[in-house]
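Just below is one structure, and these are the notes that go with it.
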Amino acid sequence: MDNDFYINFQESSEASIKKGDSQGNFALKNCREVFNDADSICARLYNARMRAIDSLDDELNRFEMQFSNKHNSVYWANDFNDVFEGLKKIFKSEKTKSVRLPNINSSTIFRELGIKYFLSDQKIELREDADIQFFVVDMMFSDNGSMLMLNQTNTTLSKLSNSRTNVMFTTIDSIVGSSEWAEVIQQLTSYGKGCGMQDMIVFKGSPNCQNYLFIIDNQRTNILSKKNIRKVMTCIDCGKCKDVCPVYQTIGDEPYNNVFTGPVAHITLPFLETFESYMHLPYACTLCGACESVCPISLPIRDMIIDIRQSFLSDGVIDKKDRRKQNILQKILSNRSKMNSSKFIRGQHLSSLLSSDIKKSRVIPPLSQETFNKLYKVSENNEK
Ligand code: SF4
Ligand code: SF4
């Protein structure tokens, strides 16, 4: 193996980690077994990611300069149409008839792009021994133009090195300034997902093959332009917060009607999709904070959700009448003792503040005397 091209490759580990830990801190607890100063490492990773996100244009250009050479090229894609146009050009120049896709269910980016439908439209066959290999890049490192690919195997490594053409996909926010973070990200995402240690490849191309990398925006700059919530882009997608979010645990994936689900989606989806379709999501959060207590990089999810709610009011996303009602609701509902004692609320007049759409589609139950978080904990203990 040529070290100039493969910087690091870790063999599969048999470590079996139990799934989920609703008591929290699972990712961090296990990270501590690997790194002595895990807390400070996690805080430094957050800062390093934040620096990259704050100067995203420069970091992406730095990455491109380090990555591009006669074997490697970058395709910038504003949306999936740019990806598909780029792919058509590659297919034409490489005379492609077949593609090897990694496991589509574990590849959010392929589901986001709807890649399977595109390939079937183009009459491209899916095969293990295909002309072109597709890969997902989990993180770009701008210091040396290398890329982190998680959840890989020896077979993938051999395919990466022996294939004539590799096409790789990532998103603009998957970047950090130094490849030294590779192992930390590998640890945190593996433990966060509750699986054994994921194999990883850090790759910066190979002279044997042509590598094309699509760096996709797909509305992510909408989040970047919001100063108070752009920190959500530092998320390393470990998925740990989903294990403890009472809302996600209760409703599951389906109601989101999207490839993005869980606490982070409550922040990002209104900006990645449309306000009309996903405006309700920031309100589908009890602000219990369970997600933050397990997040390895301590993302302040509640603060961001509150900021979005406030920006919906101040930016006029919510119409005037609803805004007035929401202001009243906010005042009442942010005070538990007021909620429990107010005659107005106990008298069920609360429903007069809810939109007629909501009232049409469901029966409004009386307000509980306890917080959602407290009730959820009681029901969890009863189940044990
Ligand atoms: S704060 Fe909101 S998103 Fe986070 S765990 Fe609680 S309900 Fe879920
Ligand atoms: S927000 Fe959730 S998915 Fe992102 S790093 Fe934190 S725990 Fe992991």
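Quick rundown of the values:
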quantity: Calculated FRET efficiency for the pair LEU287/ASP54, C-beta based, R₀ 41 Å, to 0.05; calculated: 0.95
quantity: Surface/4 of the Cα convex hull for the stretch 240-311, nm²; calculated: 4.4 nm²
quantity: Percentage, to the nearest whole number, of Cα pairs in the stretch 145-268 over 20 Å apart; calculated: 55 percent
quantity: Sparsely packed trypsin sites (Lys or Arg not before Pro) within the stretch 111-188, loop by DSSP, other Cβ within 10 Å at most 14; calculated: LYS123, ARG127, ARG164
quantity: 3J(HN,Hα) from dihedral phi, the stretch 256-271, Karplus parametrisation 6.51/-1.76/1.60, rounded to Hz, x for glycine, proline; calculated: 6, 6, 7, 6, 8, 9, x, x, 5, 5, 4, 8, 8, 4, x, 8
quantity: Of LYS89/LYS242; LYS95/LYS204; LYS242/LYS374; LYS70/LYS97; LYS95/LYS116; LYS338/LYS374, those spanning more than 27 Å from alpha-carbon to alpha-carbon; calculated: LYS89/LYS242
quantity: Full-stretch length increase - LYS227, SER314 - with 0.36 nm per residue and alpha-carbon distance subtracted; calculated: 29.8 nm
quantity: Cβ-derived FRET efficiency at R0 56 Å, GLU370 paired with ASP79, nearest 0.05; calculated: 0.80
quantity: Gap separating the Cα centres of the stretch 208-229 and the stretch 138-168, nearest whole Å; calculated: 18 Å
quantity: Segment LYS338-GLU183, length gained on full extension (0.36 nm per residue, minus Cα span); calculated: 50.9 nm
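Coordinate-derived values only; no laboratory data. Every value quoted in this text rests on a predicted model; they were computed, and no experiment measured them. Reconstructed Cβ throughout: ideal geometry from the backbone, glycine too, with neighbour counts over all protein chains shown.
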